[in-house]
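This report refers to the structure that appears directly beneath it.
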Ligand SMILES: CC(C)(COP(=O)(O)OP(=O)(O)OC[C@H]1O[C@@H](n2cnc3c(N)ncnc32)[C@H](O)[C@@H]1OP(=O)(O)O)[C@@H](O)C(=O)NCCC(=O)NCCS
């Protein structure tokens, strides 16, 4: 496949090769409308009276999906509009699973063949401030999950670890909801393991477990990938850091791996 448009290389290069990802900046509305037109779709009637922000986010997400589909299915692919179902879940072309996110100035999408993977979820978030992380921490992650911030190469800050758990759980939810149509809360999805790539903790792999029925003990395991990418020169010269996650349901995961490293077969 050709290069993954707009996605941090540290994320794109670590994903299985048969997952296609793309991202697109949430730019001015006129530019997004033109780019969408070239990909064969336009704003749905239901969003014609939506606020500018919603229209731009929708278009940047769908444009990302359009490019990700072209990478997966071939450059001649023109799937037109990816409409949403009654639960807001995108309806992908036959034989495709995928997910869309928009946040922190970007649309982001991933797609893959449905005969390879059951479910795929993505999320992009701005890394929150330490104050926000402190305020919201108890709602999103427990002490065991926070302890995953200690890494082999310096670890993550509490704000980074909070944002990572938040984003990974949102990605897992988006991978699972289309399959089970079940609403899950943050405590229903547990981040079990984080494995930073050698030399940095700012990208790596994750393992998650989602509890679908607590009483019956029904759960499903997911693998995930993350990358934190910062650009300088944001507001008042401060670095703007974004956290990107992908979660996958349906990969064989070696949970018995003795070294604690997440192993993806
Ligand atoms: C669905 C949800 C996760 C979306 O997250 P978000 O941060 O608000 O928004 P994002 O930009 O990342 O993603 C939005 C996109 O997700 C997709 N989406 C919406 N609902 C979805 C669902 N139930 N399942 C899968 N994808 C969904 C859509 O493509 C949407 O974009 P669009 O409306 O432009 O098509 C969130 O709105 C939600 O319903 N949360 C409740 C459950 C939850 O968060 N539990 C805690 C984690 S387990």
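Any read-out appearing in this document is the output of simple, stated calculations on the displayed coordinates, not a laboratory observation. Since the structure is predicted, the reported quantities are computational estimates derived from the model, not experimental observations. Note that we place each Cβ from the backbone using ideal geometry, even for glycine, and neighbour counts take in every protein chain shown.
Descriptive notes on the structure:
- Mean Cα-pair separation over length for the chain, i.e. relative contact order, pairs under 8 Å, 6 or more apart, %: 16
- Over the range 86-220, Cα pairs under 8 Å with separation of 6+ residues give a relative contact order of 19 percent.
- Protection proxy ranking for 62-70, 191-199, 108-116, 142-150, using the average of other Cβ atoms within 10 Å per residue and placing the highest first: 62-70, 108-116, 191-199, 142-150.
- Principal-axis tilt of helix 130-140 within the chain, Cα atoms, nearest 10 degrees: 80
- Subtracting the Cα-Cα distance of residue 86 and residue 45 from their residue separation scaled by 0.36 nm leaves 13.2 nm.
- Every helix of 4 or more DSSP H residues in the chain counts as -39500 (n - 2.57), and over all residues that averages to -9000 deg cm²/dmol at 222 nm.
- Helix 158-180 and the longest principal axis of the C-alpha atoms of the chain enclose an angle of approximately 60°.
- The protection proxy used here, the mean number of other Cβ atoms lying within 10 Å of each residue, ranks peptides 14-27, 80-93 as follows, highest first: 14-27, 80-93.
- Comparing 13, 190, 94 in a Gaussian network model of the chain (Cα springs below 10 Å), the most mobile by mean-square fluctuation is 94.
- With a Förster radius of 35 Å applied to the beta-carbon distance between residue 17 and residue 142, the computed FRET efficiency rounds to 0.55.
- Axis of helix 52-73 versus longest Cα principal axis of the chain: the two differ by about 80°, to the nearest ten degrees.
- A full extension of the chain between residue 116 and residue 135 corresponds to an added length of 2.9 nm, given 0.36 nm per residue minus the alpha carbon distance.
- Burial ranking of peptide ranges 50-58, 120-128, 205-213 (average Cβ count within 10 Å, highest at the top): 120-128, 205-213, 50-58
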